[in-house]
1. For the chain, with all protein chains present and a 1.4 Å probe, just round the carbon and sulfur fraction of the accessible area to a whole percent.
2. Please work out how much length the chain gains when fully extended from Glu12 to Ala107, using 0.36 nm per residue of separation minus the C-alpha to C-alpha distance, in nm with one decimal.
3. Using the structure shown, select from Lys22/Lys86; Lys44/Lys115; Lys44/Lys112; Lys20/Lys54 the pairs with a Cα to Cα distance greater than 31 angstrom.
4. Which one, Phe39, Tyr89, Ile60, projects farthest toward the positive side of the charge dipole computed for the chain from Cβ point charges (K/R +1, D/E -1)?
5. Looking at region 1-42, which trypsin sites (Lys or Arg not before Pro) are in a loop (DSSP not H, G, I, E or B) and have at most 10 other Cβ atoms within 10 Å?
6. Per q in 0.20, 0.23 1/Å, what log10 I(q)/I(0) does a Debye calculation on the alpha-carbon atoms of the chain return?
7. Working out 0.36 nm times the residue gap between Ile3 and Val96, then minus their Cα-Cα distance, what length gain in nm do you get to one decimal?
8. Please give the per residue accessible area of region 1-55, computed with a probe of 1.4 Å over protein heavy atoms only, in Å².
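The values are calculated or read from the model by the stated rules, or taken from the named source; none is laboratory data. Bear in mind the structure is a predicted one, so any value in this text is a computation, not a measurement. Using ideal geometry, Cβ is built from the backbone for each residue, glycine included, and neighbour counts are taken over all protein chains shown. Only protein heavy atoms, including side chains, enter the accessible area calculation; ligands, DNA and RNA are left aside. Shrake-Rupley method; radii C 1.70, N 1.55, O 1.52, S 1.80 Å.
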Amino acid sequence: YQIIAISVDRFEKLAPTIEKQKLNYTLLADDRAMATTAFGLAYKVSEANFQRLKGFGLDIEEASGQNHHILPVPAAFLVGTDGVIKFSYVNPNYKVRVKADILLAAAKTELKANKK
């Protein structure tokens with residue numbers, strides 16, 4: 001398998017994280033939110049929420065280098081070698097992410113199905 005992650009932060013913001021965290025997967029920058037929007041995972045932050053986030057030290061304009069005020073809905077997809085989505089997890093609550101064991105179980109199930 002190959003893990004690919006996409007962030008709406010610009011590459012210059014991701015590079016230190018990649019290095020510091022010693023990520024062993026590909027992390028791509030989607031600062032213009034083109035992929036996020038195309039996947040149907042983008043939502044626009046209201047001006048009030050933008051200011052609230054900024055008050056918490058999260059400046060999404062500075063992070064992305066854009067003023068689109070778009071954030072992604074956290075999601076995970078398992079895509080087969082045939083390009084078909086075999087498993088998906090999307091949760092609009094950014095605090096709730098797919099558990100690694102669930103994603104691993106889905107990958108193992110797909111691997112078994114392909115061996116038949």
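1. The computed percentage sits at 56.
2. So the chain would gain 31.0 nm between Glu12 and Ala107.
3. Lys44/Lys115; Lys44/Lys112, as the Cα separations exceed 31 Å there.
4. Tyr89
5. Sites meeting the loop and neighbour criteria: Lys22.
6. One equal scatterer on each Cα of the chain leads to -1.22, -1.42.
7. Additional length available on full extension: 31.6 nm.
8. Spelled out: the 1.4 Å probe surface of region 1-55, per residue, equals 76 Å².
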